[in-house]
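K.L.:
Dropping the structure in here first, questions after.
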Amino acid sequence: GKGYLKSNLPFEPIAPVDAMVDAMTVPEGYDWNPVIRWGDPLFRTSPAFDANNQTAAAQALQFGYNCDYTDVIEIEGSKGRRAVLFANHEYTNETIMVPPTLAAAEVRGIGKAAHGLSVVELERKNKNKPWTYVQGAPLNRRYLTTTPYEVTGPAAGSDLLKTKDDPAGRTILGTLGNCAGGTTPWGTILSGEENFNGYFVATGTSAGDRRYGITNRPTARGWEIDEPRWDTRNAGYENEKNRFGYIVEVDPLDPTSTPKKHSALGRFKHEGANVTVAADGRVVAYMGDDERFDYLYKFVSTNKVRPGTDPAARKANMTLLSEGSLYVARFQGNSVAEIDGTGTLPSDGAFDGVGEWLPLLIDNRSVVAGMSAAEVTVFTRLAADTVAPTKMDRCEDVEPNPATGKVYVACTNNTNRGVGSNAAADEANPRSLNRDGHVVELTEAGGDATGTRFTWNLLLVCGDPARNQATYFAGYPKDKVSPISCPDNVAFDSQGNLWISTDGQPSTVGFNDGLFKVGLEGAERGRVQQFLAVPRDAETCGPVIHDQDGTVFVAVQHPGEDGSWAAQLSYFPDYVPTGAVPAPGEAALPRPSVVQVYRA
Ligand code: FEO
Ligand code: CA
Ligand code: CA
Ligand code: CA
């Protein structure tokens with residue numbers, strides 16, 4: 001049903017913003033400001049950000065770069081005046097971050113310290129005011145490449161994870177490529193290790209290296225120059241690459257807790273994970289592998305949730321994702337598949353069909369012939385290949401709607417669909433050369449999230465309908481929707497509406513990326529309305545929709561990423577005027593930030 005409080009987020013959709021514009025654009029009647037920026041000091045001892053005098057030691061005490069998953073969770077008992085913000089730091093853009101005169105080793109150190117995760121406390125005077133972050137607050141924490149993670153599940157302690165530094169194969173230093181994520185019903189944060197392959201050098205010849213895109217070339221950031229573990233050809237570090245590519249779980253309310261890497265959820269280019277509680281109390285995590293022609297997965301826990309978000313419940317529930325069953329999805333359409341350039345729909349008028357979840361693990365035991373449970377969890381792509389799942393157009397966020405239980409899968413794009421010997425279009429991925437992406441709506445049979453059968457249909461086949469007939473908006477009039485391309489992150493508001501943020505619109509529809517509200521029910525179904533647009537070259541990430549508070553948060557990732565130190569393309573969010581001296585803590589360069597948008 002509807003939320004217990006009314007939504008307080010009325011808006012008229014903004015017009016699409018041309019891709020050259022370096023501005024944050026919000027609806028009329030709304031203001032925005034950054035809650036926290038790359039380089040902002042987190043601890044009492046943290047130096048203020050100084051763009052021209054950066055060091056790795058300072059960066060380790062400051063907010064990191066390129067946030068993706070974000071959540072803002074009110075602290076119980078604070079009357080809505082304190083909250084904890086979680087954000088991850090997916091990757092770095094050294095060419096626009098640091099002066100080119102800086103020593104190469106210092107640049108590597110800054111880049112490394114700008115990766116990882118951050119937890120930061122926020123406060124506000126009252127419920128109608130915007131938030132500010134609190135330097136030196138007790139819950140503030142940076143997770144760096146030196147932070148230990150406990151491995152859980154079938155891979156823990158296996159030979160596949162053992163290294164010279166960790167002969168037990170149970171403790172991993174650092175998390176990498178953290179992309180989307182999810183907040184669990186028990187109040188912890190899940191974060192997906194996505195493009196971890198780019199941080200490792202290997203022989204590049206094994207089946208695993210080839211399937212995961214790990215090569216023998218020097219890495220872009222060169223961390224292997226300083227630390228032997230990043231070059232897995234070094235004796236004793238052969239397995240270091242097997243220790244990334246997982247879902248990590250963090251307790252943002254306990255800064256001394258040890259975060260986990262849950263191997264039972266598989267190892268691939270994890271976009272993120274979102275958990276729902278099934279009717280019987282087991283928990284189900286939905287997950288995408290963001291690679292062209294890779295798969296959609298879900299995990300069903302063996303054990304049942306302990307209700308509540310108190311510390312004891314959180315601790316008990318942080319074991320749920322260590323034991324369970326891992327499935328990969330196969331979709332089957334029921335009519336002619338492809339949407340063509342004239343926009344002709346499938347013969348039965350809908351992109352739809354049935355599907356099944358194919359097991360790889362049942363209660364942590366392998367059901368894949370010839371592979372142990374540890375092998376299934378470390379080489380999950382190879383395990384999944386044996387059961388012929390559906391090759392998808394890059395599954396990004398996969399999230400169940402709390403209002404209905406229906407699961408939404410953002411397939412961002414796949415320009416190789418139908419090219420050469422690659423898979424042809426099918427009804428679930430219905431466009432060759434899919435530049436604009438689509439959104440799948442999946443309904444578990446009988447509403448049981450633990451089951452193995454589902455039905456599905458496409459909610460959106462994205463694009464600019466003014467210029468692309470091969471688009472579909474669930475039947476909503478195409479001349480009354482905002483153009484949308486490359487769906488990436490999804491979120492829901494208290495009324496059960498879907499919100500989608502995008503990554504890649506400048507190169508497909510020529511507009512800056514943004515955040516869009518999509519109706520799902522009745523006459524509103526398929527109505528896409530753009531809420532905001534991010535500045536030049538930026539991606540819109542981590543949407544958090546606090547509609548009852550009249551507030552939306554987004555992470556503005558990689559603004560101005562195609563620029564250089566000498567020729568920056570974005571000055572978001574400080575926008576220091578040309579020739580002016582930046583105020584203390586400001587900088588005349590782009591700073592990836594978490595932004596709040598609120599009613600003026
Ligand atoms: Fe980091 Fe799949 O986006
Ligand atoms: Ca059909
Ligand atoms: Ca993403
Ligand atoms: Ca992305």
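K.L.:
Quick check, is P311 surrounded by fewer than 24 Cβ atoms within 10 Å (Cβ to Cβ) and either in contact with a helix residue (DSSP H, G or I) (Cβ under 7 Å, 6 or more places away or on another chain) or modelled with pLDDT of 95 or more (or both)?
P.N.:
Working: surrounded by fewer than 24 Cβ atoms within 10 Å (Cβ to Cβ): yes; either in contact with a helix residue (DSSP H, G or I) (Cβ under 7 Å, 6 or more places away or on another chain) or modelled with pLDDT of 95 or more (or both): no.
So P311 does not fit the description; no.
K.L.:
Still on this model: Within region 313-369, take every residue that is among the polar types (S, T, N, Q) and within 24 Å of A466 (Cα to Cα) and give me the one that is farthest from ligand 1 (Cβ to nearest atom). Full working, then the answer.
P.N.:
Quick first cut of region 313-369, residues among the polar types (S, T, N, Q) only: 317, 319, 322, 325, 332, 334-335, 342, 344, 347, 364, 366.
Then keep just the ones that are within 24 Å of A466 (Cα to Cα); that gives 342, 344, 347.
Working: T342: 31, T344: 30, S347: 33 Å.
Ranking the candidates gives S347 first.
Rundown of residues vs (1) crowded, with 20+ Cβ neighbours inside 10 Å; (2) more than 16 Å from ligand 3 (Cβ to nearest atom), yes/no style:
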site: F473; (1), (2): yes, yes
site: D479; (1), (2): no, yes
site: S482; (1), (2): yes, yes
site: C486; (1), (2): yes, no
site: A491; (1), (2): yes, no
site: G496; (1), (2): no, yes
site: D513; (1), (2): yes, no
site: G519; (1), (2): no, yes
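K.L.:
Given the residues R233, R243, R267, R217, which is the only one that is within 16 Å of ligand 1 (Cβ to nearest atom), of a type outside the set (F, W, Y) and at pLDDT 95 or above? Steps first, answer last, please.
P.N.:
Details: R233 fails: within 16 Å of ligand 1 (Cβ to nearest atom); R243 fails: within 16 Å of ligand 1 (Cβ to nearest atom); R217 fails: within 16 Å of ligand 1 (Cβ to nearest atom).
None of the other options fit; the residue is R267.
K.L.:
Here is a follow-up. Considering only residues that are among the aliphatic types (A, V, I, L, M) and within 16 Å of ligand 1 (Cβ to nearest atom), look in region 142-182 and name the one that is nearest to P252 (Cα to Cα). It would help to see each step written out before you state the result.
P.N.:
Restricting attention to region 142-182, the residues satisfying the condition of being among the aliphatic types (A, V, I, L, M) are 144, 151, 155-156, 160-161, 168, 172-173, 176, 180.
The next check asks that each one be within 16 Å of ligand 1 (Cβ to nearest atom); those that pass are 176, 180.
Numbers: L176: 18, A180: 16 Å.
Filtering region 142-182 for residues that are among the aliphatic types (A, V, I, L, M) and within 16 Å of ligand 1 (Cβ to nearest atom), the one nearest to P252 (Cα to Cα) comes out as A180.
K.L.:
Return the residue satisfying two criteria in turn: it lies in region 71-107 and is within 20 Å of R536 (Cα to Cα) and either in contact with a strand residue (DSSP E or B) (Cβ under 7 Å, 6 or more places away or on another chain) or assigned to a strand (DSSP E or B) (or both), and of such residues it is farthest from ligand 4 (Cβ to nearest atom). It would help to see each step written out before you state the result.
P.N.:
Going through region 71-107, the residues within 20 Å of R536 (Cα to Cα) turn out to be 89-98.
Subsequent filtering for residues that are either in contact with a strand residue (DSSP E or B) (Cβ under 7 Å, 6 or more places away or on another chain) or assigned to a strand (DSSP E or B) (or both) retains 89-90.
Working: H89: 14, E90: 8 Å.
The residue in question is H89.
K.L.:
Could you grab the pairs with beta carbons closer than 6 Å, sequence gap of 6+ or different chains, first residue in region 336-359 and closer than 16 Å to F454 by Cβ and modelled with pLDDT of 85 or more, second one part of a loop (DSSP other than H, G, I, E, B) and more than 16 Å from ligand 3 (Cβ to nearest atom)?
P.N.:
F351/E427; F351/P430; G353/N334; G353/E427; E356/T452; W357/T452; L358/V387; P359/V367
K.L.:
Kindly indicate whether any position in region 208-216 is in contact with a helix residue (DSSP H, G or I) (Cβ under 9 Å, 6 or more places away or on another chain), surrounded by 20 or more Cβ atoms within 10 Å (Cβ to Cβ) and touching a residue at least 60 places away in the same chain (Cβ under 8 Å).
P.N.:
At the first step, the residues of region 208-216 found to be in contact with a helix residue (DSSP H, G or I) (Cβ under 9 Å, 6 or more places away or on another chain) are 208-209, 211-216.
Now drop any that are not surrounded by 20 or more Cβ atoms within 10 Å (Cβ to Cβ), which leaves 212, 214.
Filter once more, so that each one left must be touching a residue at least 60 places away in the same chain (Cβ under 8 Å): 212.
Looking through region 208-216, at least one residue is in contact with a helix residue (DSSP H, G or I) (Cβ under 9 Å, 6 or more places away or on another chain), surrounded by 20 or more Cβ atoms within 10 Å (Cβ to Cβ) and touching a residue at least 60 places away in the same chain (Cβ under 8 Å).
K.L.:
Next up: Identify, from the list A403, A384, A410, A388, the residue that is touching a Pro at 6+ places or on another chain (Cβ under 8 Å) and away from ligand 2 (no atom under 16 Å from the Cβ). Full working, then the answer.
P.N.:
On the way: A403 fails: touching a Pro at 6+ places or on another chain (Cβ under 8 Å); A384 fails: touching a Pro at 6+ places or on another chain (Cβ under 8 Å); A388 fails: touching a Pro at 6+ places or on another chain (Cβ under 8 Å).
Criteria check complete, one pass: A410.
K.L.:
Filter region 235-275 down to the residues that are under 22 Å from A312 (Cβ atoms) and among the β-branched types (V, I, T), then identify the one that is nearest to ligand 3 (Cβ to nearest atom). Talk me through it step by step, then tell me what you get.
P.N.:
Kept after step one, since they are under 22 Å from A312 (Cβ atoms), are these residues of region 235-275: 248-260, 262, 275.
Okay, now just the ones that are also among the β-branched types (V, I, T), so 248, 250, 256, 258, 275.
On the way: V248: 16, V250: 18, T256: 30, T258: 26, V275: 18 Å.
Checking each candidate, the answer is V248.
K.L.:
Looking only at region 417-456, how many residues end up being surrounded by fewer than 18 Cβ atoms within 10 Å (Cβ to Cβ) and out of contact with any Lys or Arg (no Cβ under 6 Å at 6 or more places or on another chain)?
P.N.:
Residues flagged as surrounded by fewer than 18 Cβ atoms within 10 Å (Cβ to Cβ) and out of contact with any Lys or Arg (no Cβ under 6 Å at 6 or more places or on another chain) within region 417-456 amount to 14.
K.L.:
Is it fair to say T377 is in contact with a helix residue (DSSP H, G or I) (Cβ under 9 Å, 6 or more places away or on another chain) and either surrounded by fewer than 23 Cβ atoms within 10 Å (Cβ to Cβ) or modelled with pLDDT of 95 or more (or both)? If you could, list the steps in order and put the result at the bottom.
P.N.:
Working: in contact with a helix residue (DSSP H, G or I) (Cβ under 9 Å, 6 or more places away or on another chain): yes; either surrounded by fewer than 23 Cβ atoms within 10 Å (Cβ to Cβ) or modelled with pLDDT of 95 or more (or both): yes.
Yes.
K.L.:
I would also like to ask the following. Checking the conditions here, which among T502, T508, T540 is away from ligand 2 (no atom under 16 Å from the Cβ), of a type outside the set (F, W, Y) and surrounded by fewer than 24 Cβ atoms within 10 Å (Cβ to Cβ)?
P.N.:
Numbers: T502 fails: surrounded by fewer than 24 Cβ atoms within 10 Å (Cβ to Cβ); T540 fails: surrounded by fewer than 24 Cβ atoms within 10 Å (Cβ to Cβ).
Of T502, T508, T540, the one residue that is away from ligand 2 (no atom under 16 Å from the Cβ), of a type outside the set (F, W, Y) and surrounded by fewer than 24 Cβ atoms within 10 Å (Cβ to Cβ) is T508.
K.L.:
Can you work out which of the residues in region 396-413 that are more than 16 Å from ligand 4 (Cβ to nearest atom), part of a loop (DSSP other than H, G, I, E, B) and not small (G, A, S) is farthest from I247 (Cα to Cα)?
P.N.:
So, considering only residues that are more than 16 Å from ligand 4 (Cβ to nearest atom), part of a loop (DSSP other than H, G, I, E, B) and not small (G, A, S), the one farthest from I247 (Cα to Cα) is T404.
K.L.:
Could you tell me whether any residue of region 548-561 is under 20 Å from S485 (Cα atoms), away from ligand 2 (no atom under 16 Å from the Cβ) and surrounded by fewer than 20 Cβ atoms within 10 Å (Cβ to Cβ)? I'd like the intermediate steps shown before the answer.
P.N.:
The first filter runs over region 548-561 and keeps only residues under 20 Å from S485 (Cα atoms), leaving 554-561.
Retained after the next criterion (residues that are away from ligand 2 (no atom under 16 Å from the Cβ)): 554-561.
Cutting the leftovers down to surrounded by fewer than 20 Cβ atoms within 10 Å (Cβ to Cβ) gives us 561.
Checked region 548-561: at least one residue is under 20 Å from S485 (Cα atoms), away from ligand 2 (no atom under 16 Å from the Cβ) and surrounded by fewer than 20 Cβ atoms within 10 Å (Cβ to Cβ).
K.L.:
Mind telling me which of the residues V284, V275, V248 ends up being under 30 Å from F43 (Cβ atoms), among the aliphatic types (A, V, I, L, M) and part of a strand (DSSP E or B)?
P.N.:
Numbers: V284 fails: under 30 Å from F43 (Cβ atoms); V275 fails: under 30 Å from F43 (Cβ atoms).
Selected residue: V248, the only one of V284, V275, V248 that is under 30 Å from F43 (Cβ atoms), among the aliphatic types (A, V, I, L, M) and part of a strand (DSSP E or B).
K.L.:
Just the residues that are more than 16 Å from ligand 4 (Cβ to nearest atom) and crowded, with 19+ Cβ neighbours inside 10 Å, please, taken from region 60-70.
P.N.:
Of region 60-70, the ones more than 16 Å from ligand 4 (Cβ to nearest atom) are 60-64.
Passing the criteria: A60, Q62, F63, G64.
K.L.:
Okay, next question. What are the residues in region 425-463 that are without any contact (Cβ under 8 Å) to a residue 60 or more places away in the chain, away from ligand 4 (no atom under 16 Å from the Cβ) and assigned to a loop (DSSP other than H, G, I, E, B), if any?
P.N.:
Correct list: L433 only.
K.L.:
Let me ask another. Filter region 10-33 down to the residues that are crowded, with 17+ Cβ neighbours inside 10 Å and in contact with an Asp or Glu (Cβ under 7 Å, 6 or more places away or on another chain) and list them by number.
P.N.:
Across region 10-33, the qualifying residue is only P27.
K.L.:
Condition first: assigned to a loop (DSSP other than H, G, I, E, B), in contact (Cβ under 8 Å) with a residue 12 or more places away in the chain and not polar (S, T, N, Q). Now tell me which residues in region 167-195 satisfy that.
P.N.:
Start the filter on region 167-195 by keeping residues that are assigned to a loop (DSSP other than H, G, I, E, B), which leaves 167-170, 174-177, 184-188, 194-195.
Then keep just the ones that are in contact (Cβ under 8 Å) with a residue 12 or more places away in the chain; that gives 169-170, 174-177, 184-188, 194-195.
The answer is G169, R170, G174, L176, G177, P185, W186, G187, E194.
K.L.:
Here is a further query. Which one is surrounded by the fewest Cβ atoms within 10 Å (Cβ to Cβ), of the residues in region 153-204 that are within 16 Å of ligand 4 (Cβ to nearest atom) and aliphatic (A, V, I, L, M)?
P.N.:
Taking region 153-204 and keeping what is within 16 Å of ligand 4 (Cβ to nearest atom), we get 176-182, 191-198.
Pick out the ones that are also aliphatic (A, V, I, L, M) and you get 176, 180.
Working: L176: 24, A180: 32.
Out of the qualifying residues, it is L176.
K.L.:
Anything in region 133-166 that is within 24 Å of F379 (Cα to Cα) and either part of a strand (DSSP E or B) or at pLDDT below 95 (or both)? List them, or say none.
P.N.:
P148, Y149, E150, V151, T152, listed by residue number.
K.L.:
Of the residues that sit in region 479-494 and are in a loop (DSSP other than H, G, I, E, B) and either at pLDDT below 95 or in contact with a Leu (Cβ under 8 Å, 6 or more places away or on another chain) (or both), which one is nearest to ligand 1 (Cβ to nearest atom)? Break it down into steps so the answer makes sense when it comes.
P.N.:
So the first thing to find is which residues in region 479-494 are in a loop (DSSP other than H, G, I, E, B), and the list is 481-483, 485-486, 493-494.
In the following step, the residues that additionally are either at pLDDT below 95 or in contact with a Leu (Cβ under 8 Å, 6 or more places away or on another chain) (or both) were identified as 493-494.
Values: D493: 22, S494: 26 Å.
The selected residue is D493.
K.L.:
Sticking with this structure for a sec: What is the residue count in region 287-308 for residues that are outside any loop (DSSP other than H, G, I, E, B), away from ligand 4 (no atom under 16 Å from the Cβ) and surrounded by 24 or more Cβ atoms within 10 Å (Cβ to Cβ)?
P.N.:
Filtering region 287-308 for residues outside any loop (DSSP other than H, G, I, E, B) gives 287-289, 292, 296-304.
Now restrict to residues that are away from ligand 4 (no atom under 16 Å from the Cβ): 296-304.
Keeping just the survivors that are surrounded by 24 or more Cβ atoms within 10 Å (Cβ to Cβ) gives 296-299, 301.
Selection size over region 287-308: 5.
K.L.:
Taking the condition of being crowded, with 24+ Cβ neighbours inside 10 Å and either of a type outside the set (S, T, N, Q) or within 16 Å of ligand 2 (Cβ to nearest atom) (or both), how many residues in region 253-280 meet it?
P.N.:
13
K.L.:
Sticking with this one: For region 526-579, which strands (runs of 3 or more DSSP E) that fit wholly inside it have 2 or more residues that are over 11 Å from S501 (Cβ atoms), within 16 Å of ligand 1 (Cβ to nearest atom) and in contact with a strand residue (DSSP E or B) (Cβ under 9 Å, 6 or more places away or on another chain)? Talk me through it step by step, then tell me what you get.
P.N.:
Numbers: elements: 528-533, 539-546, 551-557.
In region 526-579, no matching strands (runs of 3 or more DSSP E) lie anywhere.
The values are calculated or read from the model by the stated rules, or taken from the named source; none is laboratory data. Here the structure is a predicted model, which is why all the values come from computation and not from measurement. No Cβ is skipped: glycine too gets one built from the backbone with ideal geometry, and neighbour counts run over all protein chains shown.
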